[in-house]
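Working notes, beginning with the structure itself.
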Amino acid sequence: MNLSLKPWNTFGIDRQAQHIVCAENTQQLLTAWQSAMRNQQPVLILGEGSNVLFLEDFSGTVIINRIKGIDIQEEADAWLLHVGAGENWHNLVQLTLEKGLPGLENLALIPGCVGSSPIQNIGAYGVELQRVCNYVDCVELNSGKPLRLSNEACRFGYRDSIFKHEYQNRYAITAVGLRLAKAWQPVLDYGDLTRLDPASVTPQQVFDTVCKMRTSKLPDPKVNGNAGSFFKNPVITAEQASLLLAQFPQAPHYPQQDGSMKLAAGWLIDQCQLKGTTLGGAAVHDLQALVLINTGQATSEDVVRLAHLVRQRVGEKFAIWLEPEVRFIGRAGEVNAVETIA
Ligand code: NAP
């Protein structure tokens, strides 16, 4: 029996899977995995499907991770949270603020589940999950063996972690441990946050400012399907950056600790006058060029054609070739997103 994946991806792409299973605990997740393995079917584990593009019907089982539970322990200098992978990320941010536990406010309104947050080391407005992550609990799918990875073992990078590499497919994340230090340090480097007074600002004010910035610029997936930033911000060498800046001195650029330079993909796309460009049912969002949206009936072909167009235009103008941040899912699992839109 084929089942629609439309409710299970925030892009709202209408593809199908053979089975969809909601797992409320580790045992249910393992049972669904093992049953698919017995039937030699591919498996995809999803949280809220907020960072995927389904290219085709999925010829196997999609497991929706709905492992819940939030446990809070107090230590002398921090609060320790143990959070089920299937908890909604933004609800957790709200709950921590309501309970007077600051630290997650810059990460408000990021779509998706807690269990997905370490995979791409979610980040916004100068804070990444890495800053607050204490550990990640996983289960090895073949053996059912539980495993706890320390922050260091997760090998967090810019929108990256071990879960996108060695641990992809072999492990499922079941819970995330967070450590919120009581000595709160506001991070006010981005956008409207820079106008807040670091001496008197409260976590709630940071949260409200982040929510206002996000809702004023980013599309609501309930109105226009999307998967957040479609492309990664390119990181280029210092030499490449000086060549680019000689030609485009106004290009936003952010030096990285390792000497490389991060550029704003949204600015590059905007300079190619692509905001509002539509192809079939897909469009470049007219307020935030980094986001591709589903205007209602977009097919994955529409999104891929539009992403190709954006990559071509930016490449031709700036000699920078954008790479998708969104993960592309084919019939049997993840496929190479860059090759798909090249
Ligand atoms: P923005 O303020 O228009 O800035 C564009 C880009 O420049 C951002 O992506 C950001 O990179 C970088 N940037 C801006 N100020 C910076 C600073 N002071 N230091 C270093 N880098 C700086 O960004 P936006 O598109 O509205 O997004 C705001 C924040 O939310 C960003 O952190 C962005 O990454 C995050 N966000 C993430 C997603 C997602 O799906 N992953 C979607 C929407 C927004 P960084 O991205 O490296 O921070």
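The values are calculated or read from the model by the stated rules, or taken from the named source; none is laboratory data. This structure is a prediction, so every number in the text was calculated from the model and none was measured. As a convention, Cβ positions derive from the backbone with ideal geometry for all residues, glycine included, and neighbour counts pool all protein chains shown.
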Checking I293 against (1) within 15 Å of the ligand (Cβ to nearest atom); (2) more than 21 Å from the chain's Cα centre (by Cα); (3) at pLDDT 95 or above: exactly one of these is not met. Which one?
(2)
Residue count, segment 59-69 (criterion: surrounded by 17 or more Cβ atoms within 10 Å (Cβ to Cβ) and within 21 Å of the chain's Cα centre (by Cα)):
6
Among (1) within 10 Å of the ligand (Cβ to nearest atom); (2) at pLDDT 95 or above; (3) more than 14 Å from L178 (Cβ to Cβ) - the single one I122 does not satisfy
(3)
Test L306 against the criterion of being within 14 Å of the ligand (Cβ to nearest atom) and either loosely packed, with under 15 Cβ neighbours inside 10 Å or not acidic (D, E) (or both), and give yes or no.
no
Could you tell me how many of the residues in segment 256-270 are touching a residue at least 12 places away in the same chain (Cβ under 8 Å) and within 15 Å of T237 (Cβ to Cβ)?
6
Give the residues of segment 149-183 that are modelled with pLDDT of 95 or more, among the polar types (S, T, N, Q) and surrounded by fewer than 17 Cβ atoms within 10 Å (Cβ to Cβ), sorted by residue number.
S150
Just one of the numbered conditions (1) in a loop (DSSP other than H, G, I, E, B); (2) farther than 25 Å from S300 by Cβ is not true of Q27; which one?
(1)
Just to check your reading of the model, which residue among E301, E316 is within 24 Å of G60 (Cα to Cα) and either surrounded by fewer than 15 Cβ atoms within 10 Å (Cβ to Cβ) or not hydrophobic (A, V, I, L, M, F, W, C) (or both)?
E301
For segment 308-342, which positions are at negative phi and part of a strand (DSSP E or B)?
P324, R327, F328, I329, G330, E334, V335
Anything in segment 186-207 that is away from the ligand (no atom under 12 Å from the Cβ), surrounded by fewer than 15 Cβ atoms within 10 Å (Cβ to Cβ) and either within 24 Å of the chain's Cα centre (by Cα) or in a helix (DSSP H, G or I) (or both)? List them, or say none.
R195, Q204
I'd like to know if segment 85-96 contains one or more residues that are at pLDDT 95 or above and over 19 Å from the mean Cα position of the chain (by Cα).
yes
Under the condition of being more than 16 Å from the ligand (Cβ to nearest atom) and among the small types (G, A, S), which residue from segment 154-182 is farthest from E75 (Cα to Cα)?
A172
Which residue out of G86, G103, G112 is in contact with a helix residue (DSSP H, G or I) (Cβ under 8 Å, 6 or more places away or on another chain), over 30 Å from L3 (Cβ atoms) and in contact (Cβ under 8 Å) with a residue 40 or more places away in the chain?
G103
Where the second residue is of a type in the set (D, E) and assigned to a strand (DSSP E or B) and the first is touching a residue at least 60 places away in the same chain (Cβ under 8 Å) and lies in segment 41-66, which pairs have Cβ atoms under 9 Å and are six or more apart or on separate chains?
L44/E334; V52/E334
